[in-house]
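The next block holds one structure in the form of structure tokens; read it before the comments.
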Amino acid sequence: MKSQVDKKIIERYSRQIVLKNIGILGQKKILSSKVLIVGAGGLGSPVAEFLSRAGIGILGIIDNDKVNLSNLHRQSLYNTLDIGKFKVKIAKDKIKRINPSTKVKIYKIRLNSDNFKKIINDYDYVVDGSDNFETKFLLNDFCLKFEKILVTGAISKFDGHIFTFNFKDKKIPCLRCFFQESNISDDLLNCESEGILGTVAGIVGTIQANEVLKKILSIGVGLDGYIFILDLLHLNFRKVKLKKRKNCFCR
């Protein structure tokens, strides 16, 4: 029986396993990894889908919203029949159909400092797919405190930003080194007022999933200490080095 299970695992992930940077040992790392996704919307949908397809062992998803009609042009886990239903419940059902081996834990909550304390230590990696700075700073602060790896994404119009913070390294800057609370507004992330091309969400979310897998496998060049900026209207991409801000609490 065990050999039959192993054979199915090898067949399912054969196109990954054949990569010299992954192999059987790398696939075992993916299968044993635990990833928490905050936000099951435009970014969280492709992140959840591609991580489950890659074979992530445990996937946690936090969101308290229901699917609405305006979500469907960019939130790839949902369709018209899902309107009015809670995103986390639909996401869990869809992911289990994609890969029954991935254990999905859902949290139908709005994240805050009290409930996050009870969740964060169950996961090794955190993916930020939120659409407000209050949540982004909360994730930044807790991942810094508990030395987690955080992959943050932000989208607006035709643009995307991706950060990776390996908070096991005390030398890297944090999100607050780049954004200062007094100088920002959630309007920057508001798809309703600013607009968003659906493909931008898919591209940025897929890159976030890719960065998580690279971290799990310890391969390639990461974004620690950098921001990756995508202008998908003019097809311009650049990496900008972040510096620790002198008066930031992460110093």
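Among the residues of the range 50-61, write down those that are open to solvent by less than 10 Å² (accessible area, probe 1.4 Å) and either of a type in the set (Val, Ile, Thr) or not in a helix (DSSP H, G or I) (or both). Full working, then the answer.
Step one: of the range 50-61, the residues open to solvent by less than 10 Å² (accessible area, probe 1.4 Å) are 51-52, 54-56, 59-61.
Of everything in the range 50-61, those that are open to solvent by less than 10 Å² (accessible area, probe 1.4 Å) and either of a type in the set (Val, Ile, Thr) or not in a helix (DSSP H, G or I) (or both) turn out to be 55, 56, 59, 60, 61.
Identify the residue in the range 22-42 that is touching a Lys or Arg at 6+ places or on another chain (Cβ under 9 Å) and over 16 Å from residue 105 (Cβ atoms) and, among all such residues, is most open to solvent (accessible area, probe 1.4 Å).
Going through the qualifying residues, I end up with 22.
Take the conditions of a type in the set (A, V, I, L, M, F, W, C), assigned to a strand (DSSP E or B) and open to solvent by 10 Å² or more (accessible area, probe 1.4 Å) and apply them to residue 162. Does it pass? Steps first, answer last, please.
On the way: of a type in the set (A, V, I, L, M, F, W, C): yes; assigned to a strand (DSSP E or B): yes; open to solvent by 10 Å² or more (accessible area, probe 1.4 Å): no.
For residue 162, the condition - of a type in the set (A, V, I, L, M, F, W, C), assigned to a strand (DSSP E or B) and open to solvent by 10 Å² or more (accessible area, probe 1.4 Å) - is not met.
Given the criteria crowded, with 17+ Cβ neighbours inside 10 Å, closer than 20 Å to residue 217 by Cβ and within 16 Å of the chain's Cα centre (by Cα), does residue 91 qualify?
Details: crowded, with 17+ Cβ neighbours inside 10 Å: yes; closer than 20 Å to residue 217 by Cβ: no; within 16 Å of the chain's Cα centre (by Cα): yes.
Against the criterion (crowded, with 17+ Cβ neighbours inside 10 Å, closer than 20 Å to residue 217 by Cβ and within 16 Å of the chain's Cα centre (by Cα)), residue 91 does not qualify.
Taking the stated definitions as given, is residue 47 touching an Asp or Glu at 6+ places or on another chain (Cβ under 8 Å), within 23 Å of residue 140 (Cα to Cα), modelled with pLDDT of 95 or more and in a helix (DSSP H, G or I)?
Details: touching an Asp or Glu at 6+ places or on another chain (Cβ under 8 Å): no; within 23 Å of residue 140 (Cα to Cα): yes; modelled with pLDDT of 95 or more: yes; in a helix (DSSP H, G or I): yes.
Criteria not met by residue 47.
Does residue 99 satisfy the criteria of being among the polar types (S, T, N, Q), more than 23 Å from residue 116 (Cβ to Cβ) and at pLDDT 95 or above? Explain how you work it out, then say what you get.
Values: among the polar types (S, T, N, Q): yes; more than 23 Å from residue 116 (Cβ to Cβ): yes; at pLDDT 95 or above: yes.
Taking the combined requirement at face value, the residue satisfies it.
Consider the range 94-103. How many of its residues are part of a helix (DSSP H, G or I) and either open to solvent by less than 20 Å² (accessible area, probe 1.4 Å) or β-branched (Val, Ile, Thr) (or both)?
The first filter runs over the range 94-103 and keeps only residues part of a helix (DSSP H, G or I), leaving 94-98.
Subsequent filtering for residues that are either open to solvent by less than 20 Å² (accessible area, probe 1.4 Å) or β-branched (Val, Ile, Thr) (or both) retains 95, 98.
Looking only at that region, the number is 2.
Which of the residues belonging to the range 145-159 are under 23 Å from residue 217 (Cβ atoms) and not in a loop (DSSP other than H, G, I, E, B)? First the steps, then the outcome.
Of the range 145-159, the ones under 23 Å from residue 217 (Cβ atoms) are 146-153.
Correct list: 149, 150, 151, 152, 153.
Pick out the one residue from 70, 76 that is out of contact with any strand residue (DSSP E or B) (no Cβ under 6 Å at 6 or more places or on another chain), open to solvent by 30 Å² or more (accessible area, probe 1.4 Å) and outside any helix (DSSP H, G or I).
Values: 70 fails: outside any helix (DSSP H, G or I).
The match here is 76.
Restricting to the range 100-117, name every residue that is more than 18 Å from the chain's Cα centre (by Cα) and either over 21 Å from residue 132 (Cβ atoms) or hydroxyl-bearing (Ser, Thr, Tyr) (or both).
Answer for the range 100-117, where residues must be more than 18 Å from the chain's Cα centre (by Cα) and either over 21 Å from residue 132 (Cβ atoms) or hydroxyl-bearing (Ser, Thr, Tyr) (or both): 100, 101, 113.
State the number of residues belonging to the range 104-120 that are of a type in the set (Lys, Arg), touching a Phe, Trp or Tyr at 6+ places or on another chain (Cβ under 8 Å) and open to solvent by less than 100 Å² (accessible area, probe 1.4 Å). Don't jump to the end; show me each part of the working.
Initial filter on the range 104-120 (of a type in the set (Lys, Arg)): 105, 108, 110, 117-118.
Those left that are additionally touching a Phe, Trp or Tyr at 6+ places or on another chain (Cβ under 8 Å): 108, 117.
Going one step further and asking which of them are open to solvent by less than 100 Å² (accessible area, probe 1.4 Å), we end up with 108.
So the answer is 1.
Of the numbered conditions (1) among the charged types (D, E, K, R); (2) free of Cβ contacts under 8 Å to residues at least 60 places away in the same chain; (3) open to solvent by less than 40 Å² (accessible area, probe 1.4 Å), residue 147 satisfies every one except a single condition; which is it?
(3)
Condition check ((1) part of a loop (DSSP other than H, G, I, E, B); (2) open to solvent by 70 Å² or more (accessible area, probe 1.4 Å); (3) at pLDDT below 95) across all residues:
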{"position": "177", "(1), (2), (3)": "no, no, yes"}
{"position": "201", "(1), (2), (3)": "no, no, no"}
{"position": "205", "(1), (2), (3)": "no, no, no"}
{"position": "212", "(1), (2), (3)": "no, no, no"}
{"position": "222", "(1), (2), (3)": "yes, no, yes"}
{"position": "243", "(1), (2), (3)": "yes, yes, yes"}
{"position": "251", "(1), (2), (3)": "yes, yes, yes"}
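The values are calculated or read from the model by the stated rules, or taken from the named source; none is laboratory data. Keep in mind that this is a model prediction, so the values were computed, not measured. Cβ coordinates were reconstructed from backbone atoms using ideal geometry, including for glycine residues, and neighbour counts include every protein chain displayed. For accessibility, only protein heavy atoms count, side chains too; no ligands or nucleic acids. Shrake-Rupley method; radii C 1.70, N 1.55, O 1.52, S 1.80 Å.
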